[in-house]
1. Scan the range 149-168 for residues that are surrounded by 14 or more Cβ atoms within 10 Å (Cβ to Cβ), out of contact with any Phe, Trp or Tyr (no Cβ under 6 Å at 6 or more places or on another chain) and not in a helix (DSSP H, G or I) and jot them down.
2. Pairs needed: first member in the range 162-180, in contact (Cβ under 8 Å) with a residue 40 or more places away in the chain and farther than 14 Å from LEU219 by Cβ; second member anywhere, surrounded by fewer than 14 Cβ atoms within 10 Å (Cβ to Cβ) and among the hydroxyl-bearing types (Ser, Thr, Tyr); C-beta distance under 6 Å; at least 6 residues apart or different chains.
3. Please state which of the following conditions TYR137 fails to meet, knowing it meets all the rest: (1) under 30 Å from ALA187 (Cβ atoms); (2) at pLDDT 90 or above; (3) exposed (fewer than 14 other Cβ atoms within 10 Å of the Cβ).
4. Are any residues in the range 203-226 out of contact with any Ser or Thr (no Cβ under 6 Å at 6 or more places or on another chain), not polar (S, T, N, Q) and not in a loop (DSSP other than H, G, I, E, B), and if so, which ones?
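The values are calculated or read from the model by the stated rules, or taken from the named source; none is laboratory data. A quick note: this is a predicted structure, and the numbers were derived from the prediction, not measured. Note that we place each Cβ from the backbone using ideal geometry, even for glycine, and neighbour counts take in every protein chain shown.
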Amino acid sequence: MSFDHHGNDKFWRAVLMAAAIEVIFVFGIVKVSERIGNKHQDKQPTVMKITIQQPPAPPPPVPKPQPPPPPPVPVPQPVPVPLPPPPKPAPRPVMRKILPHKPPPVAAPVMQTPPPPPQPVAPQPDAQTQASAEQVYAAELNARVQSNLVVPESVQMMGLSGKTHLAVTVAPNGSIISVVVTQSSGAPPIDQAAEAAVRAVPLPAFTAKMPQHAITFNLTVHLSTGQS
């Protein structure tokens, strides 16, 4: 029996190739199995371990506090009896200095001056003399008022005229105390002009024959447009 050497080489090559393919196939199957096994291992559920502990034992009871001991009973102390105060020493006699007696001073005699002689009293004027002096003063007052009378422009424009009766009270020094309209002229501008003339006129003091107190004089002031 004879073999072909060339055909024999092909056979062994085919056997080697088949063996190599089989080895590669088996190796691939093994790798695939390992991967599948690893995936299954990754998907396994996680198991949690729970440990149940027993609760701690309760603490021992707190002992009740003991009541405080009663306070000691105070022992009464004996009260000392105060000793009587020592007797006061007898006062020492005070030596008084005896002063010699002096007679009281004699006041010098006071020279009494005689009182001054009474001042002579000026004789009071009689009633007739006073009345006459008042009439003279009233005439002087009326004359001064009439001479100082100013006719207002409103009276001149309206052509008014009239007379106003006034009660004028004058002090002894000649100052006017009050001016009162006792009877109006019927025109207020005329009354106002008459009152203004009385207040503006200077008056002399009372004479010695007049009473030395305020006197009220009754005046009649005439006013017309013809006066300047």
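1. Across the range 149-168, the qualifying residues are LEU149, VAL151, PRO152, LEU160, SER161, GLY162, LYS163, THR164, HIS165, LEU166, ALA167.
2. none
3. For TYR137, the exception is condition (3).
4. ILE215, PHE217, LEU219, HIS222, LEU223
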